[in-house]
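The values are calculated or read from the model by the stated rules, or taken from the named source; none is laboratory data. Treat the numbers as computed from the prediction; the structure is a model and nothing was measured. Positions of Cβ are backbone-derived with ideal geometry, glycine not excepted, and every protein chain shown enters the neighbour counts.
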Amino acid sequence: MRSAKTFSILMGMITWWIFFYGFELISADPDIQFFFLSLEYLVIPWIPGFLFCFSLEFGGYEKYCTRESHLIIFIIPAIIFISFFTNNIFHLYYESFTYVEIQNLTIPAFIPGIMYRVLNISIIVSQIFCFLILFKIFLTSPRIFKPQMAIIVICMVLGILSFVFFFLILKPLPNFDPQPIFLAIINLLVLIAIFRLQFFDLIHIPYHSIFENLEEGIIVLDAHNRIIQINKRASILLEIEPDTVKGDDINSISSFLTSCHDKLTGNSYTNIRMENGIKNDEISLLIDMYPVFDSSSRLQSRMIILRDITEITRTSQALSKAGEKLNLLNSITRHDILNQVAIISGYGDLMTDCIKDDTICHGQLNHITDASDSVKKLIQFTAEYQDLGISKPVWLHIPDVVEKAWNTLHPPDSVSLQINTDLIVFADMLLEKVFFNLMDNSLRHGTSVTRIMISSYQVENGYVLIYEDNGGGVEPENKERIFSRGFGKNTGYGLFLVKEILSITSITIHETGVYGSGVRFEMMIPPHGVNIAGEPIPHP
């Protein structure tokens, strides 16, 4: 957990100090007291440094916990440590040292040197710094984190008070240091926070820590398009220093965003895909701009999110090239198969002419000819659907798609088409084949079909697009089977592929008509995949 290691070291050092300070107090021999005091000073100089590090890590400022900052933080503790153990030579920690006996207690009495004062200054500064960080976290923490943060803040207040009382206000005994006693109380409170309130198990993660470490680049603009926040990932993508651009108008920054400044500074959601002009065309980005409004619908800020989709783009391009090669191979193979099927059919016809009198052989040759014709139809069918799912789905206007399929079919004049919808649907490019197949089935298998109708209506979870005719309809036991592969009188793949084409964009299809009154296919379109003509096209 964040800062747990540093906190454990800090608590270990404080426990070490308290433990040997207790032995120092109960010892009557000055030499033994000084021995225990020396053991205490193995850790005392380092405590302020680790308190600084804990504050930075726990507060979410890990970016400042670098090797250079650690060197700066611990250089003073190192000097204090050396000055204490070399005091007999340089006399920097204390100028003179002796022991006095007060109320049956043997207490060290000394004249402090400059490094002793530096130690006290570093202790109080580190405590105040840690208190400010923790108090800020306490104020911004959700309610569930308040109790544990309150105890930790109280611990810091006790630490500061113990220092202030000893050096500025109260001295119960001359040169008697009550700080270890206060630290013992603080340790007890910390144990309560850890074991009763899940300190370090249930921990609040500061917003700015999340903001800085997101994989997406984020730029926050105020209502006047000035940059007020920019995270590390965004600064890397834009190749700028974040601290130098805060407060600047985004239009004044030269970057790949220059070409789309107008869209990024508008008052409505914008989505832009950029695959060129970024670091020598090596990076592809998806850029979203979200305007943020207050309760009075006034623009407060704009949030720009930069998503690196380079790997997705490369994978898509690789799959597209692989699909093109497979389609080429399919075309060549299909052409060769059709040539062989034509040879089989040709020789079958010649043999049929040669053996007109042999009815048995004639019938068997007819089976061969029929089988070759079926193979030919299946191969031709695969040519029509080899691009299924290869192209990216697009927004398609249903009336235009239906009209195109209708004109391709060349229906008889006795059948009319009525289109009572103006939907725009997010679907595969083969959506035209869906309506072509449905219409072809109506004309082939419908009983005296004279009218085909396309309509739609809205439901709670999207839109229903309806195809229906006034033919014979589908038997109840076949309503689900008609979408199975191989079911039907022609190739058996028509409605199966209708269902597959629609499912690419999560559209489902069911037959709900009444047998004897005509077919009724209901296509359920999810809310994100439909729009009304004349309205802005949403981002799918």
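Observations on the model:
- Residues of the range 511-540 satisfying the condition of being within 21 Å of GLU432 (Cβ to Cβ) and either at pLDDT 90 or above or in a loop (DSSP other than H, G, I, E, B) (or both): GLU511, VAL519, ARG520, PHE521, GLU522, MET523, MET524, ILE525, PRO526, ALA533, ILE537, PRO540
- Looking only at the range 409-421, and only at residues there that are exposed (fewer than 15 other Cβ atoms within 10 Å of the Cβ) and modelled with pLDDT of 90 or more, the one that is farthest from PRO527 (Cα to Cα): SER416
Residue-wise test of (1) crowded, with 20+ Cβ neighbours inside 10 Å; (2) in contact with a Lys or Arg (Cβ under 8 Å, 6 or more places away or on another chain); (3) among the aliphatic types (A, V, I, L, M).
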position: ALA4; (1), (2), (3): no, no, yes
position: PHE7; (1), (2), (3): yes, no, no
position: TRP16; (1), (2), (3): no, no, no
position: THR86; (1), (2), (3): no, no, no
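- Given (1) at pLDDT below 85; (2) outside any loop (DSSP other than H, G, I, E, B); (3) not charged (D, E, K, R), index of the condition LEU502 fails: (1)
- Residues in the range 1-21 that are at pLDDT 85 or above, under 20 Å from LEU134 (Cα atoms) and either aromatic (Phe, Trp, Tyr) or within 31 Å of the chain's Cα centre (by Cα) (or both): THR6 alone.
- The set of residues in the range 280-306 being among the charged types (D, E, K, R) and surrounded by fewer than 16 Cβ atoms within 10 Å (Cβ to Cβ) consists of ASP281, GLU282, ASP294, ARG298.
- Number of positions in the range 464-474 that are part of a strand (DSSP E or B) and either acidic (Asp, Glu) or surrounded by fewer than 22 Cβ atoms within 10 Å (Cβ to Cβ) (or both): 4
- For the range 383-408, the set of residues classified as modelled with pLDDT under 70 and part of a helix (DSSP H, G or I) consists of ALA383, GLU384, TYR385, listed by residue number.
- Checking the stated criteria, ALA342 turns out not to satisfy the condition of being under 30 Å from ILE287 (Cα atoms) and either small (Gly, Ala, Ser) or in a loop (DSSP other than H, G, I, E, B) (or both).
- Single unsatisfied condition, ILE203 versus (1) hydrophobic (A, V, I, L, M, F, W, C); (2) at pLDDT below 80; (3) surrounded by 15 or more Cβ atoms within 10 Å (Cβ to Cβ); (4) not in a loop (DSSP other than H, G, I, E, B): (4)
- Contact map, the range 22-37: first residue of a type in the set (Phe, Trp, Tyr), second residue part of a helix (DSSP H, G or I) and surrounded by fewer than 16 Cβ atoms within 10 Å (Cβ to Cβ), Cβ cut-off under 7 Å, separation 6 or more or different chains; pairs are PHE36/PHE23.
- Any pair with Cβ under 7 angstrom, 6 or more apart, that starts in the range 183-196 at a residue that is farther than 10 Å from CYS155 by Cβ and ends at one that is outside any helix (DSSP H, G or I) and modelled with pLDDT under 70: ILE194/PHE200
- Residues of the range 422-463 satisfying the condition of being of a type in the set (Val, Ile, Thr) and either farther than 15 Å from THR408 by Cβ or part of a strand (DSSP E or B) (or both): ILE424, VAL425, THR447, VAL449, THR450, ILE452, ILE454, VAL459
- Of all residues in the range 240-252, those satisfying the criterion of being under 13 Å from LEU221 (Cα atoms) and in a loop (DSSP other than H, G, I, E, B) are LYS246, GLY247, ASP248.
- Qualifying residue in the range 115-122 (condition: under 20 Å from PRO45 (Cα atoms), small (Gly, Ala, Ser) and touching a helix residue (DSSP H, G or I) at 6+ places or on another chain (Cβ under 8 Å)): yes
Conditions (1) more than 46 Å from the chain's Cα centre (by Cα); (2) at pLDDT below 85; (3) outside the structural domain of VAL425 (by TED's automatic domain parsing), marked per residue:
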residue	(1), (2), (3)
THR450	yes, no, no
GLN458	no, no, no
TYR467	no, no, no
GLU475	yes, no, no
LYS479	no, no, no
SER484	no, yes, no
THR491	no, yes, no
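- Odd one out for ASN271 among (1) part of a loop (DSSP other than H, G, I, E, B); (2) at pLDDT 85 or above: (1)
- Identity of the residue in the range 26-62, of a type in the set (A, V, I, L, M) and in a loop (DSSP other than H, G, I, E, B), that ends up farthest from LEU119 (Cα to Cα): ALA28
- ILE253 vs. criteria of a type in the set (A, V, I, L, M, F, W, C), out of contact with any Cys (no Cβ under 8 Å at 6 or more places or on another chain) and exposed (fewer than 15 other Cβ atoms within 10 Å of the Cβ): no
- Search result, residues across the range 392-447 that are more than 28 Å from GLN458 (Cβ to Cβ) and among the hydroxyl-bearing types (Ser, Thr, Tyr): THR408, SER414, THR447
- Near pairs, Cβ below 8 angstrom, 6+ apart or cross-chain, from the range 67-83 (touching a residue at least 24 places away in the same chain (Cβ under 8 Å)) to any residue that is of a type in the set (Ser, Thr, Tyr): ILE76/SER122; PRO77/SER122; ILE80/TYR93; ILE80/SER122; PHE81/TYR41; SER83/TYR93
- Residues in the range 63-91 that are outside any loop (DSSP other than H, G, I, E, B), closer than 30 Å to PHE211 by Cα and of a type in the set (A, V, I, L, M, F, W, C): 4 in all.
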